[in-house]
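Novice: This structure is in structure tokens; I'll ask about it shortly.
The values are calculated or read from the model by the stated rules, or taken from the named source; none is laboratory data. Small disclaimer: the values here were computed from a predicted structure and weren't measured. Note that we place each Cβ from the backbone using ideal geometry, even for glycine, and neighbour counts take in every protein chain shown. Heavy atoms of the whole protein, side chains included, go into the accessibility calculation; ligands, DNA and RNA do not. Shrake-Rupley method; radii C 1.70, N 1.55, O 1.52, S 1.80 Å.
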Amino acid sequence: VDKKEATALVLMRSDHIDPVIRYTLDGSMPIASSPKYTGPITLKKTATIRAAIFKGNELKGHPAERVVSLHKGMGKEVSLAEQFSPKYAAGGPAGLVDGLSGSKGHGDGNWQGYNGNDLKATIDLGEVTEINSISARFLQNTGSWIFMPKAVEFFVSENGTDFESIKKVNSTVSPEKGGAIIQTFQAAASLKTRYVKVIGTNYGVCPEGHPGTGGKTWLFVDEIIVN
């Protein structure tokens with residue numbers, strides 16, 4: 001990640017010996033004529049990377065996919081007011097602005113988990129910056145006691161002390177809905193600011209009828225995007 005401008009360096013590796021890796025940057029399926037990976041790739045815009053091993057013209061196995069979101073908060077300093085679980089750290093505070101989105105698997109290493117705690121993250125953009133939107137992605141999988149936040153509120157500040165709320169967004173996902181679900185909470189914000197704060201309110205305790213009734217719920221977040 002380049003902190004001065006939103007660029008990212010992408011490296012690929014495989015357990016195969018001398019693999020031929022071909023990739024795409026638009027989310028399409030790699031084919032035999034797709035570019036061959038020969039070294040680090042510099043991204044200057046958001047991309048959905050798909051890469052796969054080839055033997056001759058034949059694709060081997062399943063392609064790997066990774067979304068890299070380049071944005072103004074990428075690589076900036078993040079402070080957290082409440083503690084995440086060490087089991088689901090996602091790289092620590094910096095993992096919230098590393099540009100990497102999680103899959104529907106909460107253990108993929110990109111989701112940061114809070115057991116009973118709220119997400120209270122403040123991003124320092126380094127200088128007063130013009131922004132147009134703030135968003136954050138959250139995961140629900142009630143079978144693993146992971147629930148959407150009750151609400152996500154977005155704040156801005158020029159001095160890091162006096163914060164103004166610009167939008168509060170309630171979850172639209174029912175806590176009774178099963179399976180893995182991802183929801184993006186977003187606030188449009190055409191303004192100038194240096195600090196961005198995001199508070200995601202933990203659902204609290206598992207509701208009646210859930211196998212974990214009365215137990216602390218998990219909140220999982222993977223990326224806060226500032227554009």
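Novice: Among the residues of region 46-70, which ones are buried (at least 16 other Cβ atoms within 10 Å of the Cβ) and either touching a helix residue (DSSP H, G or I) at 6+ places or on another chain (Cβ under 8 Å) or among the hydrophobic types (A, V, I, L, M, F, W, C) (or both)?
Specialist: Across region 46-70, the qualifying residues are 47, 49, 51, 52, 53, 54, 59, 67, 68, 70.
Novice: Here is a follow-up. Take the conditions out of contact with any strand residue (DSSP E or B) (no Cβ under 6 Å at 6 or more places or on another chain) and over 11 Å from residue 142 (Cα atoms) and apply them to residue 209. Does it pass?
Specialist: Here the answer is yes, as residue 209 does meet what is asked.
Novice: Shifting gears a bit: When both residues are 6+ apart or on different chains and their Cβ atoms are under 7 Å apart, which pairs have a first residue that lies in region 7-18 and is open to solvent by 100 Å² or more (accessible area, probe 1.4 Å), and a second that is in a loop (DSSP other than H, G, I, E, B)?
Specialist: Note: pairs meeting the criteria are 9/40; 11/40.
Novice: Inspect region 194-208 for any residue being modelled with pLDDT under 95, surrounded by fewer than 16 Cβ atoms within 10 Å (Cβ to Cβ) and on the phi > 0 side of the Ramachandran plot and give the result as yes or no.
Specialist: Among the residues of region 194-208, not one is modelled with pLDDT under 95, surrounded by fewer than 16 Cβ atoms within 10 Å (Cβ to Cβ) and on the phi > 0 side of the Ramachandran plot, which makes the answer no.
Novice: Consider residue 36 against the criteria (1) charged (D, E, K, R); (2) modelled with pLDDT under 95; (3) over 22 Å from residue 223 (Cα atoms): it satisfies all of them except one. Which criterion is unmet?
Specialist: Answer for residue 36: the failing condition is (2).
Novice: Sticking with this one: Select from region 133-186 the residues that are among the basic types (Lys, Arg) and touching a Ser or Thr at 6+ places or on another chain (Cβ under 8 Å) and write down the one among them that is surrounded by the most Cβ atoms within 10 Å (Cβ to Cβ).
Specialist: 137
Novice: Could you list all residues from region 76-104 that are modelled with pLDDT of 95 or more and open to solvent by less than 40 Å² (accessible area, probe 1.4 Å)?
Specialist: Hits for region 76-104 are 78, 84, 85, 89, 90, 92, 95, 96, 97.
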